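First up is the structure itself, then whatever we jot down about it.
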There are 2 protein chains.
Amino acid sequence: MANRSDTKTRILDAAEKLFAERGFSETSLRLITSKAEVNLASVNYHFGSKKELIRAVLARYLDVFMPVASAEIVRLQASDKNASLNDIFSILVEPLLDLNKVRAEGTSTFLQLLGRGYIESQGHLRWFITTHYGEHLDQFVKAVADSAPHIPPAEMFWRLHFTLGTVVFTMASADALIEIAAADFSEHNNIETVIRKVIPYLSAGVSVPVN
Amino acid sequence: MANRSDTKTRILDAAEKLFAERGFSETSLRLITSKAEVNLASVNYHFGSKKELIRAVLARYLDVFMPVASAEIVRLQASDKNASLNDIFSILVEPLLDLNKVRAEGTSTFLQLLGRGYIESQGHLRWFITTHYGEHLDQFVKAVADSAPHIPPAEMFWRLHFTLGTVVFTMASADALIEIAAADFSEHNNIETVIRKVIPYLSAGVSVPVN
DNA sequence: CTCTATTTTAAACACCCGTTTAAATTAAAC
DNA sequence: GTTTAATTTAAACGGGTGTTTAAAATAGAG
């Protein structure tokens, strides 16, 4: 067996950067392989298809993030039965920032990929995420619902999707927004400060009494 | 001069439907012209390019919506100097729903197009909207800021973008969400009920006190 | 009716895409 | 060192894209 990891990793590293920056369908395999300095055909050799490469890029982050986030929520619920929405959202910040230890710019890249993933390609990515990480997602949804018991389940469904939209859109365009905020308000943000800004916004929206 | 309007309108009608459903880059000119039952080359003849067609599709709605929405906000601010955020967001509902009088499914189509527009094609659409409708947008931003004077401008910048994300993402995937809500909660929504659900969420998030 | 300008049409152009093939190369096993 | 398996490579395949061209058809003006 030859040195399998190197080419594969080079492809994943180049792909995740380009996918996060430009989106999946706007990033061609030829661009990825030229940045990675590997042959075009090696993507299909190692991953089978572009779709599977996309899934592999996301899985590399989700496999790290999801179990940690899940464990943190379990821990929070065990230690504080009346955890607030702010507490629940906030407990995800550290696992998110820890992705910077996995790879440089890991947090920002992961969140942007997640945004792109939900915005583009209705089919296979949603399916991939819900079937592979559904239990973790359910647990998160349940934790949020328990923290806002005055919101009926159907209303909570909508509010969680509003929340998803806020996060996904903000993260997908975070780089541009951070630049504009710096130019217009001399306010120098990074992904962490943006995450900390969005949490109160989300908590307030999710928990606002219905009528 | 020949019957110029028919082909042009057929293209716009087919294009806006397909763009709203599938996004801009996922919709080919060949698909549009076959649905519109016109020749492929007529798009370039009447609009110049695909980009200009996209702008024309959006302009047809924005030209109706923006002046009306603007006038309503002026009217509200004149009649009630202490209009709440809910009031401001709510005053946009009627102009939005009036788009159903312009064309069938007008409201839903317009909002989905707006969502697609902000998600895709970073460059030309943002530029087009801000340069052509910038005054109306500024007025709206100012009205919101006046209604939440306790939020500093830089913070308001971020919250308005969170809001944009919520709206854009929700509207771009509204059809799918309405279906899921019907299946999972036997709750039968349409674009109007979704708009009315999202407004309190947005108002709460935008006005929540910082720290 | 005739002439001119506008519009429609079929065809081709030039380019980019993901994927496949088969040969060349490299690494591992014996 | 030879054989076998894994990997890399260059090239081509088949298909889709937006756009352009030049001829045909249509409509309006004199």
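The values are calculated or read from the model by the stated rules, or taken from the named source; none is laboratory data. Every value quoted in this text rests on a predicted model; they were computed, and no experiment measured them. For neighbour counting, all protein chains shown are included, and Cβ atoms are generated from backbone atoms with ideal geometry for every residue, glycine included. The protein model used for the area step is the full one, side chains on, heavy atoms only, and it has no ligands, DNA or RNA in it. Shrake-Rupley method; radii C 1.70, N 1.55, O 1.52, S 1.80 Å.
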CD proxy at 222 nm, helix term only [per DSSP H run n ≥ 4: -39500 (n - 2.57); per residue of chain B; nearest 500]: -26000 deg cm²/dmol
Label point distance in nm, A:LEU97-B:ILE180, each placed 7 Å from Cα along Cα→Cβ: 3.0 nm
Per-copy distances of the B:ALA154 label point, shortest first, in nm (7 angstrom along Cα→Cβ): 4.4
Position A:ARG126, label points 7 Å along Cα→Cβ, spacing to each other copy in nm (shortest first, one decimal): 2.6
Relative contact order [Cα under 8 Å, 6+ residues apart], chain A, whole percent: 22 percent
DSSP loop GluC sites (Glu not before Pro) with at most 16 other Cβ within 10 Å excluded, longest remaining stretch of chain A: A:106-211
At least 18 Å along the helix axis (C-alpha) and Kyte average at least -1.0, DSSP helices within chain B: B:4-22, B:50-79, B:106-119, B:124-147, B:153-172, B:191-207
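Taking region A:1-57, which chymotrypsin sites (Phe, Trp or Tyr not before Pro) meet the DSSP loop condition and have no more than 13 other C-beta atoms within 10 Å?
Details: sites: A:PHE19, A:PHE24, A:TYR45, A:PHE47; in loops: A:PHE24.
Here no loop site has a sparse enough neighbourhood.
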Neighbourhood net charge (13 Å Cβ-Cβ; Lys/Arg +1, Asp/Glu -1) for A:ARG75: -3
Ranking by accessible area, most exposed first, for A:THR130, A:THR166 with a 1.4 Å probe: A:THR130, A:THR166
Which of A:VAL68, A:VAL167 is most accessible, then next, and so on - probe 1.4 Å: A:VAL68, A:VAL167
Calculated FRET efficiency for the pair B:ARG75/A:ASN86, C-beta based, R₀ 45 Å, to 0.05: 0.75
Among the listed pairs B:LYS17/B:LYS101; A:LYS8/A:LYS51; B:LYS101/B:LYS142; A:LYS17/A:LYS101, those beyond 20 Å (Cα-Cα): B:LYS101/B:LYS142
Residue among B:HIS188, B:HIS132, B:HIS124 with the largest mean-square fluctuation in a Gaussian network model of chain B, springs linking Cα atoms under 10 Å: B:HIS188
Inter-chain shielding of A:169-181 (mean C-beta neighbours from other protein chains, 10 Å cut-off): 4
